[in-house]
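For reference, the structure is listed below as structure tokens.
The values are calculated or read from the model by the stated rules, or taken from the named source; none is laboratory data. Computed from a prediction, not measured in an experiment: that's the story for all the values here. No Cβ is skipped: glycine too gets one built from the backbone with ideal geometry, and neighbour counts run over all protein chains shown. The area values use the complete protein model at the heavy-atom level, side chains included, leaving out ligands, DNA and RNA. Shrake-Rupley method; radii C 1.70, N 1.55, O 1.52, S 1.80 Å.
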Amino acid sequence: MAIQKSTDSSSLAEVIDRILDKGIVIDLYARISLVGIELITIEARVVIASVDTWLRYAEAVGLLRDEVQGEIDLETSEEGRGQEQLNFA
Amino acid sequence: MSMDQGVYLFGVIKADADFKQEKIKLDGNTTKTYTVPYKDQAMVVAQAPVKIYDPTRENLKTHQQVVAELMTYTTVIPMSFGNVLESDEDAEILIKRLYDKFKKIFPTIENKIEVGLKIIGNKDWMKEQAGNQEDLAKMKQALQDTKQSATHYDKMRAGEAAQKFVQGIHLDFEREVFRPLANIADAAKSNEVIGERMVLNASFLVDLSKEKEFDEKVNEFYEKWKDRTEFKYTGPWPAYNFIDIKIKAEDAS
């Protein structure tokens, strides 16, 4: 069967993925009032992969024994994304 | 408790667009969308309290739906979630400052849609692939031969190797799937993969005249890979992935 694109509500993760930090973003300090404020555009982001990330890769491809294999399915790991990515403005 | 009223921002459209006002629910309050024009551009806003908006399901949905609705009849440069200014005047200032930027952006996204394609490897297939890698197979054997549990160092080493392996698959998919699709698209972006089994996390800006061709190409890859991977093909979205403007007040850093 053919695959068709959709934006139905089941893809809340897709919505979050887009609208939380993409498009036009105004830094918290600049919100409220812009009268008399000089605006500059910034672009700086650092992503840090942690040891935990590596371990989950090892688990995912079946390198490690059961002792470290948790119930990490895709959904859980997507939620855990915030923990492995630190964004610095 | 009453909070100061401000304007919540949804996105920038052309001022001559046939704007349709909408009644919306934002953070439990009912409000209406309207436009704040500046020259031939306009910010779509709604009156809402000045505060930090929690990304609740309802709020996210409202934001997405307003932008999606705009997209059905005009070109929209989307705002990110939760941006609120004090007054209409501020919204006008924002457009004024970014007017030239927006002017350049509009033609690049006109009559185009963003689509997303995530490909996630089946667990068994990933394991099988890993098993075919000599170094990983050796490492696995070594880890499982160890009488005592493996040291933290060993696990880390295995994990690092596994991540490299998965990234290798990611690169394969970028070459085999992403590039041919990118050739049809006007713009394409391969985002960082999320989680351990995602092998592609891409966004494409597709001209409406090429939408069908693009869909067909995605299906071609889907047919080839559907037994070994899961495809998440989404859209049409506003061009979030292709508009990246971060605004900061100069003294705030």
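Considering only Cα-Cα distances, which of the following residue pairs are longer than 18 Å: B:Lys164/B:Lys189; B:Lys118/B:Lys226; B:Lys112/B:Lys246; B:Lys23/B:Lys103; B:Lys127/B:Lys217; B:Lys23/B:Lys51?
B:Lys164/B:Lys189; B:Lys112/B:Lys246; B:Lys23/B:Lys103; B:Lys127/B:Lys217; B:Lys23/B:Lys51
For region B:156-253, with equal point scatterers placed on the C-alpha atoms only and solvent neglected, what are the log10 I(q)/I(0) values from the Debye formula at q = 0.12 1/Å, to two decimals?
Scattering profile of region B:156-253, log10 relative to I(0): -0.50.
From the protein chains alone at 1.4 Å, what is the descending order of accessible area for A:Asp21, B:Asp135, largest first?
B:Asp135, A:Asp21
For region B:41-113 and region B:124-189, what is the separation of their C-alpha centers, rounded to whole Å?
Region B:41-113 and region B:124-189 have Cα centres separated by 40 Å.
Non-local amide H neighbours of B:Asn83 (under 5 Å, H modeled in plane, Pro and chain starts lacking H): which ones?
Counting only residues 5 or more places away or on other chains, the set is B:Leu9.
Excluding B:Asp40 itself, calculate the net charge of residues whose Cβ lies under 11 Å from the Cβ of B:Asp40, where each Lys or Arg counts +1 and each Asp or Glu counts -1.
Taking every Cβ under 11 Å from that of B:Asp40, the sum is +2.
What's the average, rounded to a whole number, of partner chain beta-carbon atoms within 10 Å of each residue's beta-carbon in B:190-202?
4
Can you sort B:Ser80, B:Ser87, B:Ser209 by solvent-accessible area, 1.4 Å probe, largest first?
The residues order as B:Ser209, B:Ser87, B:Ser80, largest area first.
Suppose R0 equals 35 Å; then what is the FRET efficiency for B:Tyr99 and B:Glu176 from their Cβ-Cβ distance, rounded to the nearest 0.05?
Using R0 = 35 Å, I get an efficiency of 0.25.
Shielding by partners for B:112-120, please: the mean number of other protein chain Cβ atoms within 10 Å of each residue's Cβ.
That works out to 2 on average.
Work out from phi, with θ = phi - 60° and the Karplus expression 6.51 cos²θ - 1.76 cosθ + 1.60, the ³J(HN,Hα) of each residue of region B:237-246, listed in order in whole Hz, and give x for Gly and Pro.
Karplus-based 3J(HN,Hα) across region B:237-246 equals 10, x, 6, 3, 6, 10, 10, 10, 10, 10 Hz.
Would you kindly find the accessible area of B:His170, with a 1.4 Å probe and non-protein molecules such as ligands, DNA and RNA excluded, rounding to the nearest 10 Å²?
It works out to around 30 Å².
Averaged over B:150-159, how many beta carbons belonging to a partner chain fall within 10 Å of each residue's beta carbon?
The per-residue average across the peptide is 5.
Sort B:Thr62, B:Thr30 from largest to smallest accessible area, using a 1.4 Å probe on the heavy atoms of the protein chains.
B:Thr30, B:Thr62
Tell me which residues come under 5 Å, amide H to amide H, from B:Gln133 once H is placed; ignore anything under 5 positions away on its chain.
Long-range HN contacts for B:Gln133: none found.
What is chain B's relative contact order, in percent, from Cα pairs under 8 angstrom and six or more apart in sequence?
RCO, chain B: 22 percent.
From the residues B:Val166, B:Phe178, B:Ser149, which one has its Cα farthest along the dipole of region B:25-182 in the positive direction, the dipole being from +1 and -1 charges on Cβ of Lys/Arg and Asp/Glu about the Cα centre?
Of the candidates, B:Ser149 comes out farthest on the positive side.
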